[in-house]
Every structure is written in structure tokens, then in C-alpha cells.
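The values are calculated or read from the model by the stated rules, or taken from the named source; none is laboratory data. A quick note: this is a predicted structure, and the numbers were derived from the prediction, not measured. Every residue, glycine as well, gets a Cβ built from its backbone with ideal geometry; the counts of neighbours run over all protein chains shown. The area values use the complete protein model at the heavy-atom level, side chains included, leaving out ligands, DNA and RNA. Shrake-Rupley method; radii C 1.70, N 1.55, O 1.52, S 1.80 Å.
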Number of protein chains: 2
Amino acid sequence: MSIIFSRQCEYALQAVTYLALKPAGEMTSIKELAKKLDIPYHFLGKILQDLVYKGLLMSQKGPTGGFALGLPATEITLFHIVEAIDGVGFNTNCVLGFPECSGKNPCAVHDSWGEYREGIYQMLVKRNIAEMAKAMKKPEYAAMRR
Amino acid sequence: MSIIFSRQCEYALQAVTYLALKPAGEMTSIKELAKKLDIPYHFLGKILQDLVYKGLLMSQKGPTGGFALGLPATEITLFHIVEAIDGVGFNTNCVLGFPECSGKNPCAVHDSWGEYREGIYQMLVKRNIAEMAKAMKKPEYAAMRR
DNA sequence: TTAATTTAAGATAAAATTATCTGATTACTA
DNA sequence: TAGTAATCAGATAATTTTATCTTAAATTAA
Ligand code: SF4
Ligand code: SF4
């Protein structure tokens, strides 16, 4: 069960973090990403295409082709990825599912939820992929750490 | 787009809050709830049945029948409802979608995410339906406030 | 130039979630 | 007792999300 991000978005976060551990300029194939991260091959392909379109990744066809970061790892925040895949709904929608979340006439959880939401938002905006990659200790990533 | 709770769960939270504003002992029909809260009739029926099964609501058939709280409003927390409908995955799962979220070898967001998660959990555990109902100022609920 | 490898793109399928339909059961009321 | 109104329960449908399949296009290397 996904928490606040869609499956697609989770895959995107995992894959981009993986790419950030690669030497600059090196291309990584969908095949490698899909195998190492246990993500469905073609589904991942679509997601990566999307991120290329949004400018967060670059790609190249043919042998030796693949995907790489489209910006320096320090300039890609988690929010960039979440925004590209899931949009910004979590930042504006009512947590109880009411049509809109206006500040006036707040319910009992409005304010505290607002704080957590803002905190999560700040976390996404402040953390970049370079930090994620550096701290990432998952075995899937371990082999490539230099 | 739902944030952290499923659509079902959002509907449940809305409906139970609505019921908490009713005089004790009064039964409310699915029809009324569905109309006032703009929730699909039969879908809501299923959800309410579920909550009855879990003991959070009670029901009665026949004319003058309907649904009412199964416990005092002060004893039904938001967490009770979320747990009944969505389970507790948001409390244990990795926010990035990795198979498990263990404390050892944390990634760059593990700790801060853990804080928000704990905060949200506390919010759900501490807030009960009576508080929600009291503070609820949505027009859908306004007519019944006494 | 040809074969191999990789992304790109569109169609299709499967699964999960959300929503609807139908009939049965229960209980109140006249 | 008959009629009505409500929940209960199971089947079905629609929608969304996730996953797969197929072919084309690009690029490299032999
Ligand atoms: S006040 Fe509460 S119910 Fe109303 S929009 Fe904000 S979070 Fe939702
Ligand atoms: S450390 Fe980070 S990536 Fe690892 S399980 Fe916890 S939240 Fe997920």
C-alpha cells in the first residue's frame, strides 16, 4: 500500500536516486534499473520517459544508451519528482476529502494537518537527490557506491 | 486526488463525523448521508456496513431505521476509523515505496519522515469524533448543529 | 551496411478501486 | 396483516491505476 505517493512516483524516486549514484555522464539502461530495483520493465520505461519530457532526466537510444540525470544531482529535489509525477494535490487538498481546504472555519485537524503538510513539503523541497543517494544504504544501491 | 486516506476512508470519516452531530439515539439513513455529503449511495452503504461490523457504528433496519454511533463520540478516534478502513500501512511502510522501512541504515528522509508520520499518528489517535463534529463548520453539517 | 541494442510510442491487458444494480431481509405503521 | 421503507448481501459495471505487448526509431559497433 502506498502512503502519500503513487506507485509510479515511488518508482521514480527510487530510480532517480539510483541514477544519482552513477558516475557523471554514464548512461543506465531500463533493464538494469528494472532488475536492480524490482520495477516492471515497461512501466518504468514510461515513467522515465515522462521524467525526460519534464527535463529531470536525459536519455539516449541505441547500444550504450540509457538514462542519466538531466540536471546536477544537487539541483533535483524530491519535490521536483513528486510534482512531475503526482502533481501538487497533497499540498492543497483537504485531508478528509472535502472538496476544498479553506483556512476559514477550520475543523479540529485542519491546523495540525497543515503543519505536517508544510513540514513534508519542506522536506521534499529541501532534500535533493544527491543527499538521498549519499545516505542511501539499501542493498540494491550498495554495489555502486564508490 | 486523495492524500493519505483512500476514498472509502475519507467517506467514512465524513459520515461518522456527520453522525456525531445527531442527537443520541437518533438513526440516520444512508439516503440522508449520501445526499448531504455527496457520496454515492450504495458505496456508502457498503462502507457503513463495514463500520457496523467493526463495532464503530450500529444499524437498524426498517422505517425509522438507519445508522448511529456504536460508541460514545468521545471514544471514537480518527484512528479507529482509518484503521478499520485502510489498515495501518501508513504507519509501517517506507514512504519511498521500498519493501520495508527499517530504522537501521536510514536514508536522508527517514528520520524526518518518521517524525511527521508519528505526528500524524498522534493526531489521529488523539482527535475523537466529538471534537471533529464540534469544530466542523462545513455547510453540509451546519443545518444540524444545535 | 548490417546486426544488435536501446529508447519511444501506442495499443492492450490485468488488477485494484470505486460505483451501481438487484433482490432479499428486517422492522415499523397503518 | 399488508404495505412501505430501510439495511444487507451478492453480483455486476465503470473507472483508475498498474502492467504488458508490439512495433518503430535511433544509435552503436562489427
Ligand atoms: S478544515 Fe478540516 S475538513 Fe475543512 S477543508 Fe480543512 S482539513 Fe478539510
Ligand atoms: S530509510 Fe528511507 S528508504 Fe529506507 S526504508 Fe526508511 S524511509 Fe524508506
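Structure summary
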item	result
Subset tally (residues that are outside any helix (DSSP H, G or I), modelled with pLDDT of 75 or more and either loosely packed, with under 14 Cβ neighbours inside 10 Å or in contact with a strand residue (DSSP E or B) (Cβ under 9 Å, 6 or more places away or on another chain) (or both)) for region A:109-146	2
B:H80 being of a type outside the set (S, T, N, Q) and crowded, with 16+ Cβ neighbours inside 10 Å	yes
One residue from B:L33, B:L21, B:L57 being at pLDDT below 95 and open to solvent by less than 40 Å² (accessible area, probe 1.4 Å)	B:L21
Unique residue being within 8 Å of another protein chain (Cβ to nearest Cβ) and among the small types (G, A, S) when the list is A:A108, A:A142	A:A108
Yes/no for A:G97 being without any contact (Cβ under 8 Å) to a residue 12 or more places away in the chain, in contact with a helix residue (DSSP H, G or I) (Cβ under 8 Å, 6 or more places away or on another chain) and farther than 23 Å from A:I30 by Cα	yes
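Let's see how each residue does on (1) within 30 Å of A:R7 (Cβ to Cβ); (2) in contact with a Ser or Thr (Cβ under 8 Å, 6 or more places away or on another chain):
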site	(1), (2)
B:I3	yes, no
B:K46	yes, no
B:P63	no, no
B:H80	yes, no
B:I85	yes, yes
